[in-house]
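Beneath this line is the structure, given in structure tokens, with notes to follow.
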């Protein structure tokens, strides 16, 4: 303190050296103290800066709760599949399994009770377990599943047995709440977690991607429509004792598939081995496994349902200009081949009568005038020469006559023989027939208004308008009368084709199809129903043809799905057919 | 004295540091306690969400279309409604009415007084705009802007009247239906 009291110059020289030393020491220690303070200051400043930086960072980014593994627990391993209204059709579901772990107890035997006692207690909980199999597993000393898919209450009961070796891990499985509904559309997931058959296979990569796991995949299917279609097809299949049935509901303006059913189906929750494969003997009998999709994978000769396509092609090409023109209706001899009709419809028929009565003879003549080149071009424009457009993995290739069509081939294709396509091909073609002439690919993805494909023009709008009238008149006066649903303005065409077998066509094995659209004044949906080998039963008045089995399906499905899809029945409305009505003489309509 | 004050100062510093350290430690423990509470809550949320998913799936499975359809076949027997059960617009509704039979009670009518303030004056102005050619009632029109609309309004007027008449007739018929049902009951 004294050093500060005197100015440096005033210190006597006698003591200056000693003092100077002291001053040096003092200055040095002061410097050290200052330096230390600076260090501390720097550390504080650094800490303060870090804190400020953190606060600023949090202020800018916001506090993001890092759920980490907790958040992951809520994200399924495989994304959900939902219908167009967001109803889940396939979802991940965690269920308990019963797992035998013989190493659960480190010392002594693996089980506390005897295997017999445990088997008896387990059978009390699960009466359907096989006792011998269970005992074998318990005695083997090898780890393994004793049972999959346990209810929580059953898991509790197993827990109460007090056996440490009986574990019940929670495992993620794929679950389909609607059971077998839409099984062919959805497919299933095998034990390795790979999607099979349906959209599970088509969307497999998407469903397990991070984006697909958090956001459900939306299908174009409406599960209510799907259910109605399956219901009615199953009913008709039972009534007509058919081997199988298929159906599809398609939006004519977008190509979205609202329902796609193939019967008999399978339950994707419990896929049995014989759902997917058939024995060689069954295959030789022409049978297909239940997992086989008849709508997109199986090709059929669809018969008379092709006639409106031929007529539309002829109208479009201008080879039919006068609908009142009459063609001779006597059996047609082409070389060694003769084209017949099922009944005699008189000496001659006009185009309208041809469709109403479904005459092969006149259709063949119309196609003959049209020529094979133009008919083939129309068929190609309708996609009949390639696999159907849909996301499903199973898509059948049509039996398509390539090269130049000879005269007879042109004639048979005109009434749906000598060409085999899937029912989905037919649905897309009918959509183009009635929607103003635009063909669009079918899709199982829900489309926004902006995503609807432009499609390609196959028919003129005027041709489409004419075909709408003709289809409506077939249902009102012709072979399709059993498909009429009052107020829904249904139009459509029957088709009954004999199935080819060894050594020619089998006369008692038919493919009966009804291709319909409604409402005909402004078509919105195409409905196809198909029966595979229907039998004549009391319920079908001992008839096998489409008018008696496939057409009534449409009549029952349309009133169920129409109001759901925003089409209200109205008997005061219909398509204007007054200009064509004079072409059918009174009383000539089908009996 | 110097020594003691230095000592006291360093003791003060040390004790301040210890207190700060203790407070920091306490705060850290508290923060971690809250964090683990949050984690617990998160865990419970996840479990509840899993329960919800489980229950949702159970409901969907129990209420699947096949089950509902079976229940309907067994219990209710509902069928798809037919065209006659739908009514589109007032005209179809009115068409359901029947003319009053002899001796039927008078239909109940509801009083409907038009307010002089808005409705009638608007009607009057519309009426005033009916004949813009003669100009007889043009003076009655308050605004020039209304004039430009006059041609269109004059065309609409009979339609309005007929709609009002229709509505009144419909009201009458509805009243009639109500009365008829009341008599039956």
(request) Would you mind telling me which numbered condition in (1) more than 20 Å from residue A:564 (Cα to Cα); (2) within 14 Å of chain B (Cβ to nearest Cβ); (3) in contact with a helix residue (DSSP H, G or I) (Cβ under 9 Å, 6 or more places away or on another chain); (4) assigned to a helix (DSSP H, G or I) residue A:229 fails? (result) (1)
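From the list A:121, A:29, exactly one residue is surrounded by fewer than 12 Cβ atoms within 10 Å (Cβ to Cβ), more than 30 Å from residue A:186 (Cα to Cα) and more than 12 Å from chain B (Cβ to nearest Cβ). Which is it?
On the way: A:121 fails: surrounded by fewer than 12 Cβ atoms within 10 Å (Cβ to Cβ).
Testing whether each residue is surrounded by fewer than 12 Cβ atoms within 10 Å (Cβ to Cβ), more than 30 Å from residue A:186 (Cα to Cα) and more than 12 Å from chain B (Cβ to nearest Cβ) leaves just A:29.
For residue A:490, indicate whether it is within 14 Å of chain B (Cβ to nearest Cβ), closer than 17 Å to residue A:549 by Cβ, in contact with a strand residue (DSSP E or B) (Cβ under 6 Å, 6 or more places away or on another chain) and crowded, with 19+ Cβ neighbours inside 10 Å.
Yes, satisfied.
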(request) Collect the residues in the range A:74-95 that are surrounded by fewer than 16 Cβ atoms within 10 Å (Cβ to Cβ) and outside any loop (DSSP other than H, G, I, E, B), keeping them in residue-number order. (result) A:74
(request) Please specify each residue of the range A:143-156 satisfying the condition of being farther than 19 Å from residue B:60 by Cα and part of a loop (DSSP other than H, G, I, E, B). (result) A:143
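Only one residue in A:98, A:122, A:129, A:138 is in a strand (DSSP E or B) and more than 30 Å from residue A:218 (Cβ to Cβ). Which one?
Details: A:122 fails: in a strand (DSSP E or B); A:129 fails: in a strand (DSSP E or B); A:138 fails: in a strand (DSSP E or B).
Criteria check complete, one pass: A:98.
Among what's in the range A:559-586 and is under 30 Å from residue A:350 (Cα atoms) and within 14 Å of chain B (Cβ to nearest Cβ), pick the residue that is surrounded by the fewest Cβ atoms within 10 Å (Cβ to Cβ).
Of everything passing the filter in the range A:559-586, A:572 is surrounded by the fewest Cβ atoms within 10 Å (Cβ to Cβ).
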(request) Could you check residue A:97 against (1) touching a helix residue (DSSP H, G or I) at 6+ places or on another chain (Cβ under 8 Å); (2) in contact (Cβ under 8 Å) with a residue 12 or more places away in the chain and say which number it fails? (result) (1)
(request) Grab the helices (runs of 4 or more DSSP H) fully contained in the range A:157-210, keeping just those with 2 or more residues being buried (at least 23 other Cβ atoms within 10 Å of the Cβ), at pLDDT 90 or above and under 20 Å from the mean Cα position of the chain (by Cα). (result) A:183-186, A:199-202
(request) Please work out which residue is surrounded by the fewest Cβ atoms within 10 Å (Cβ to Cβ), limiting yourself to the range A:124-141 and to residues that are in contact with a strand residue (DSSP E or B) (Cβ under 8 Å, 6 or more places away or on another chain) and over 25 Å from residue A:93 (Cα atoms). (result) A:137
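Being in a helix (DSSP H, G or I) and either in contact with a helix residue (DSSP H, G or I) (Cβ under 7 Å, 6 or more places away or on another chain) or more than 13 Å from chain B (Cβ to nearest Cβ) (or both) is the filter; apply it to the range A:211-226 and report the residue that is surrounded by the fewest Cβ atoms within 10 Å (Cβ to Cβ).
First pass over the range A:211-226, keeping only residues in a helix (DSSP H, G or I): A:211-214, A:223-226.
Still in the running and either in contact with a helix residue (DSSP H, G or I) (Cβ under 7 Å, 6 or more places away or on another chain) or more than 13 Å from chain B (Cβ to nearest Cβ) (or both): A:211-214, A:223-225.
Details: A:211: 8, A:212: 19, A:213: 18, A:214: 12, A:223: 23, A:224: 18, A:225: 25.
The extreme case among them is A:211.
Here's the yes/no breakdown for (1) more than 30 Å from residue A:81 (Cβ to Cβ); (2) assigned to a strand (DSSP E or B); (3) more than 14 Å from chain B (Cβ to nearest Cβ); (4) modelled with pLDDT under 90:
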{"residue": "A:450", "(1), (2), (3), (4)": "no, no, yes, no"}
{"residue": "A:466", "(1), (2), (3), (4)": "yes, no, yes, no"}
{"residue": "A:485", "(1), (2), (3), (4)": "yes, no, no, no"}
{"residue": "A:508", "(1), (2), (3), (4)": "yes, yes, yes, yes"}
{"residue": "A:520", "(1), (2), (3), (4)": "yes, no, yes, no"}
{"residue": "A:523", "(1), (2), (3), (4)": "no, no, yes, no"}
{"residue": "A:529", "(1), (2), (3), (4)": "no, yes, yes, no"}
{"residue": "A:536", "(1), (2), (3), (4)": "yes, no, yes, yes"}
(request) Scan (1) in contact (Cβ under 8 Å) with a residue 24 or more places away in the chain; (2) surrounded by 13 or more Cβ atoms within 10 Å (Cβ to Cβ) for the single condition residue A:282 breaks and write down its number. (result) (1)
(request) Among the residues of the range A:420-438, count how many are surrounded by fewer than 23 Cβ atoms within 10 Å (Cβ to Cβ) and either in contact with a helix residue (DSSP H, G or I) (Cβ under 8 Å, 6 or more places away or on another chain) or not assigned by TED's automatic domain parsing to the domain that holds residue A:314 (or both). (result) 3
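The values are calculated or read from the model by the stated rules, or taken from the named source; none is laboratory data. Please read all numbers here as calculations on a predicted model, not as lab measurements. Don't worry about glycine lacking a Cβ; one is built from the backbone with ideal geometry, like all the others, and counts go over all protein chains shown.
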